[in-house]
Amino acid sequence: MTKTNGYAIRTSALTKEYEQGVRAVDALDLVVEANSVFALLGPNGAGKTTTVSMLTTLLPPTSGTALVAGSDVLDDPGGVRRKIGVTFQETVLDDALTGRQALDHHGRLYGLSRSARRERARELLALTELEDAADRQIKKYSGGMKRRLELIRGLMTDPEILFLDEPTLGVDPQNRARIGDHILRLKERRGMTVLLTTHDLDEAARLADTVGIVDEGRLVVVGSPDELIAEMGDDSMHVQGEAPSDAFATAAGALDFVTEVVPTDSGVQLGVDSGDRRLTEVVRLAAEVGYPIEAISVARPTLGDVFLKYTGRALRD
């Protein structure tokens, strides 16, 4: 394992700018500790995939620096590639091959010996419960099986850092849980560092040691899921209505039991203590300021509430 003073990835002012001054990633300072799972969250278009593409040497940064497993992505891209594994959003498997052949071909590309390829394939197929399908053509695999095969193909070279871009995209809950378990096993048993992007906030809360939320190319908050959720207050109250909510939001912010007021596309999100006991007071206040309520709900805070707090909107298309 490369010695990097406790971190596996470190960026400084990492920036990717396209034509007409559009910045997909804007001066990103990111630290991912070694032997951890880091979840990079954000709306579509926030810069997550561009960040991963730069860290995996697929895109050159416009400016700034990035060290991955001790190697600079610009000065030593080959050194980076030798130490990482990558699984992309889109499946890039050759359907005409069997699962075992796909793993073997990937190992050959990286110069693994025949015996090493066989042993790694055997071990990884067992890890993801694909032994029975190993000699079946990939075109006969289910979506979940293909995602699991994608995952272990990235592990054939025993990387120090594994990048997973939407690893459970489009798979059913059972396979999503299986893949999540495999990710945790990689960290616990192999000491591997995992950086994943996901739109599944429950998945991020379950798997990640640290979460970073990006929006408009900038890192807006970072911390453990528990820390970020704790900052939201005791309960989250969502008050929905079609009328402009400015007056209601201002009045609600003056209540002594309201700790947070976040306008959303459909109304207002409030951080409150003992939310169930405050419903009557909130409804009365809305009537006083002329804000007709269409729906109101109370829930314990989640990572989704943290997401809304820092991006101001739900996941966008």
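Readers should treat all values here as calculations from the given coordinates under stated rules, not as data from a laboratory. Here the structure is a predicted model, which means the values were calculated and not measured. A quick note on method: Cβ atoms are made from the backbone with ideal geometry, for glycine too, and the neighbour counts reach across all protein chains shown.
What the table shows:
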| item | result |
| --- | --- |
| Ascending count of other beta-carbon atoms within 10 Å, so fewest first, for Leu149, Leu40 | Leu149, Leu40 |
| Positive-end extreme of charge dipole, the chain - chosen from Ile84, Thr15, Pro292 (charges on Cβ) | Ile84 |
| Among Ser113, Gly144, His238 the positive-end extreme of the charge dipole of the chain (Cβ point charges) | Ser113 |
| Antiparallel bridge percentage (DSSP; both residues within the chain; nearest 5) | 70 |
| For Phe38, Phe88, order by how many other beta-carbon atoms lie within 10 Å, fewest first | Phe88, Phe38 |
| Near-label residues of segment 80-119 by backbone N, under 14 Å of a point 7 Å along Cα→Cβ of Ser142 | none |
| Inter-site label distance for Val220 and Glu131 at 7 Å from Cα along Cβ, in nm | 4.7 |
| Simple spin-label estimate for Tyr110 and Thr250 in nanometres, 7 Å along Cα-Cβ | 5.9 |
| Average Cα contact separation per residue, segment 7-228, under 8 Å, 6 or more apart, as relative contact order % | 29 |
| Residue-averaged 222 nm ellipticity for the chain, from DSSP H runs of 4+ at -39500 (n - 2.57), nearest 500 | -10500 deg cm²/dmol |
| FRET efficiency estimate (nearest 0.05) - Cβ-Cβ, Asn35 to Leu74, R0 30 angstrom | 0.70 |
| Mean Cα-pair separation over length for segment 111-226, i.e. relative contact order, pairs under 8 Å, 6 or more apart, % | 19 |
| Segment 193-317, relative contact order in percent, only Cα pairs under 8 angstrom and at least six apart counted | 30 |
| Where a label projected 7 Å from the Cα of Ser63 along Cα→Cβ would reach, residues of segment 196-219 with amide N under 13 Å | none |
| Burial order of peptide ranges 212-221, 272-281, 166-175 (average beta-carbon count within 10 Å, highest first) | 212-221, 166-175, 272-281 |
| Distant alpha-carbon pairs in segment 66-219 (separation over 28 angstrom), percent | 19 |
| Computed over segment 233-311, the ratio Rg/Rh where both radii use C-alpha atoms and Rh is Kirkwood | 0.92 |
| Charge dipole (debye, nearest 20) of the chain; +1 at Cβ of Lys and Arg, -1 at Cβ of Asp and Glu | 1800 |
| For Val214, distant residues with modelled amide H under 5 Å away | Leu41, Gly42, Val220 |
| Sorted by Cβ density within 10 Å, fewest first, the residues Asp104, Asp256, Asp234 | Asp256, Asp234, Asp104 |
| Which label in (1) 32, 23, 22; (2) 42, 22, 17; (3) 29, 23, 21 gives the computed semi-axes √(5λ) of the Cα gyration tensor in Å | (2) |
| Rough spin-label spacing in nm, given labels placed 7 Å along Cα→Cβ, for Asp273 and Glu123 | 5.3 |
